Amino acid sequence: MSTITYKVPAISCNHCVHTIKTELSELLGVKAVTADAVSKQVTITFEAPATPNEMEKLLAEIDYPVAK
């Protein structure tokens, strides 16, 4: 099991937090998602077959791209 934290500047409210949690939780292998509108961070606990690349791609697709 792995955990990764991303900075996601587009998070502005609790609706954003809910959307991110809902979408990421649907990925196979994602075990837990926390998102915070104040710190603009998303923390994901996951295992295979989920990959960081797949999670970053999904976040970009739902208009919450990860800051690089």
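Read-outs: derived from the displayed coordinates by stated rules, not from any lab. For clarity, every value in this text was computed on a predicted model and none was experimentally measured.
Figures for the structure shown
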read-out	value
Under 5 Å, built H, 5+ apart or other chain: amide partners of Q41	V8, D36
Long-range HN-HN contacts of A32 with modeled amide H, under 5 Å	T45
Distant-in-sequence amide H partners of I62 (H built 1.01 Å from N, under 5 Å)	none
Kirkwood Rh, Cα atoms: Rg over Rh of the chain	0.92
